[in-house]
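Participant: One structure, as structure tokens, below. Some questions next.
Values quoted throughout were computed directly from the atomic coordinates according to the rules given, and no laboratory measurement underlies them. Keep in mind the model is a prediction, meaning the values are calculated, not measured. Neighbour counts run over all protein chains shown; Cβ positions are idealised from the backbone, glycine included.
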Amino acid sequence: KQEVTQIPAALSVPEGENLVLNCSFTDSAIYNLQWFRQDPGKGLTSLLLIQSSQREQTSGRLNASLDKSSGRSTLYIAASQPGDSATYLCAHGSGNTGKLIFGQGTTLQVKP
Amino acid sequence: NAGVTQTPKFQVLKTGQSMTLQCAQDMNHEYMSWYRQDPGMGLRLIHYSVGAGITDQGEVPNGYNVSRSTTEDFPLRLLSAAPSQTSVYFCASSYTAGGRTNEKLFFGSGTQLSVL
């Protein structure tokens, strides 16, 4: 069974700290990996998408890496801000259905 | 830019009632899908469509029907609501099948459904 695991489940940091969110997956033949942000009561917003042939993607203060051989991805957030507080989910593409396999998410709180 | 629009945002049903969750996108996306999000279970795919007139089952399709008569709309029908269908439902779309190609998936804001 394909699984995606995110550790830690919750994280609280002071403003300004650099942090890393972890995502591990069991399927070594993934098509791509996406990182999403979900605010309470809202839908998901795609932050970064890494193609299977790529090693990393960057957008502003966010950097996501992908290591297919070890089944891991990380989301690095630089100089965290209270506005970064949200749940972050990773997901990878699977098969021909377009289905994404999601992790349970890491809930991040950045304290002022 | 409207993106993916879901209605209603909240709904309470009694067991056995039927209803339709609406989803519309204005980005000319070929691929549309429905997920449900449950605590401890994450997001699971219910049904998906790769284009008008084409639908298929996802991971948890039982109790739900879909149709895709236009590119823009992808309604989800609950045939006879059960308490186990209490969940938050998300519609998502992309230009092509997001899981197979390198397309970002765009989500609606969700429908919170309670079945009593």
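Participant: Rounded to whole Hz and in sequence order, give me ³J(HN,Hα) for the range B:54-68 from the Karplus expression 6.51 cos²θ - 1.76 cosθ + 1.60, θ = phi - 60°, writing x for Gly and Pro.
Facilitator: Along the range B:54-68, the couplings run 10, 9, 7, 7, x, 7, 10, x, 5, x, 10, 10, 9, 8, 9 Hz.
Participant: Quick one: if the Förster radius is 30 Å, what FRET efficiency do residue B:54 and residue A:10 give, using the C-beta to C-beta distance and rounding to 0.05?
Facilitator: On the way: r = 40 Å, r/R0 = 1.34.
My answer for the efficiency is 0.15.
Participant: A further question follows. Between residue A:42 and residue A:85, how many nm apart are label points set 7 Å from Cα along the C-beta direction?
Facilitator: The two pseudo-label positions are separated by 1.3 nm.
Participant: Would you mind classifying chain B by shape? Square roots of the alpha carbon gyration tensor eigenvalues, ordered a ≥ b ≥ c; an a/c under 1.5 is rounded, otherwise it is prolate if a/b is larger than b/c and oblate if not.
Facilitator: Note, shape of chain B comes out prolate.
Participant: In debye, nearest 20: dipole of the range B:24-116 around its Cα centre with unit charges on the Cβ of K, R (+) and D, E (-)? If you can, show how the numbers build up before the last one.
Facilitator: Values: 6 positive and 8 negative charges, 38 e Å.
In total the dipole reaches around 180 debye.
Participant: Could you list which residues have their amide H under 5 Å from that of residue B:26, counting only those 5 or more apart in sequence or on another chain, with H placed in the peptide plane?
Facilitator: Hits under the 5 Å cutoff: B:3.
Participant: On to the next question. Write down the radius of gyration of the protein assembly as shown and its Dmax, each obtained from C-alpha positions, in Å.
Facilitator: 17.5, 51
Participant: Within 10 Å of each Cβ in peptide B:43-56, how many partner chain Cβ atoms are there on average? Round it to a whole number, please. Present the calculation step by step, with values, prior to reporting the outcome.
Facilitator: Values: counts 12, 3, 7, 0, 1, 3, 1, 3, 0, 0, 0, 0, 0, 3.
So the per-residue partner count for this stretch is 2.
Participant: Now for a separate question. What residues have an amide H closer than 5 Å to that of residue A:85, excluding those fewer than 5 places away on the same chain, when H is modeled at 1.01 Å from N in the peptide plane?
Facilitator: A:110
Participant: What does the average come to when, for each residue of peptide B:103-109, you count the partner chain Cβ atoms lying within 10 Å of its Cβ? Before the final figure, lay out the partial values.
Facilitator: On the way: counts 6, 8, 9, 4, 7, 3, 5.
So the per-residue partner count for this stretch is 6.
Participant: Now a separate question. So, with +1 on the Cβ of K and R and -1 on the Cβ of D and E, and no other charges, what is the size of the charge dipole of the protein assembly as shown about its Cα centre, to the nearest 20 debye?
Facilitator: 280 debye
Participant: At a threshold of 8 angstrom on Cα-Cα distance, excluding pairs fewer than six apart, so keeping six or more, what relative contact order does chain A reach in percent?
Facilitator: The value is 37 percent.
Participant: Please state the relative contact order of chain B as a whole percent: Cα pairs under 8 Å, 6+ residues apart? Let's see the in-between values first.
Facilitator: Numbers: 304 pairs, mean separation 41.2, N = 116.
The normalised contact order for chain B reaches 35 percent.
Participant: Would you mind calculating the gained length between residue B:26 and residue B:65 on full extension (0.36 nm times residue separation, minus the Cα-Cα distance), in nm to one decimal?
Facilitator: 11.8 nm
Participant: Using the crude model of +1 on Lys and Arg Cβ and -1 on Asp and Glu Cβ, and no other charge, please compute the dipole size for chain A relative to its Cα centre, in debye to 20.
Facilitator: For chain A, the charge dipole is close to 180 debye.
Participant: If every alpha-carbon in the range B:1-54 counts as one equal scatterer, what log10 I(q)/I(0) does Debye give at q = 0.17 1/Å?
Facilitator: -0.74
Participant: May I ask you to derive the relative contact order of the range B:38-86, considering only C-alpha pairs under 8 Å and at least 6 residues apart, and to give it as an integer percent?
Facilitator: Once divided by the residue count of the range B:38-86, the mean separation gives 26 percent.
Participant: Among A:80, A:32, A:10, which residue has its Cα furthest toward the positive end of the charge dipole of chain A, with +1 on Lys/Arg Cβ and -1 on Asp/Glu Cβ?
Facilitator: A:32
Participant: Right, something else. For residue B:13, list long-range residues whose amide hydrogen, built 1.01 Å from N in the peptide plane, is under 5 Å from its own amide hydrogen.
Facilitator: Long-range HN contacts for residue B:13: B:114, B:115, B:116.
Participant: Output wanted: per-residue J couplings in Hz (rounded whole) for the range A:103-110, from phi through Karplus 6.51 cos²θ - 1.76 cosθ + 1.60, θ = phi - 60°, x for Gly and Pro.
Facilitator: x, 7, x, 10, 8, 9, 10, 10
Participant: Work out from phi, with θ = phi - 60° and the Karplus expression 6.51 cos²θ - 1.76 cosθ + 1.60, the ³J(HN,Hα) of each residue of the range B:8-24, listed in order in whole Hz, and give x for Gly and Pro.
Facilitator: x, 7, 9, 7, 10, 10, 9, 3, x, 6, 10, 6, 10, 8, 9, 9, 9
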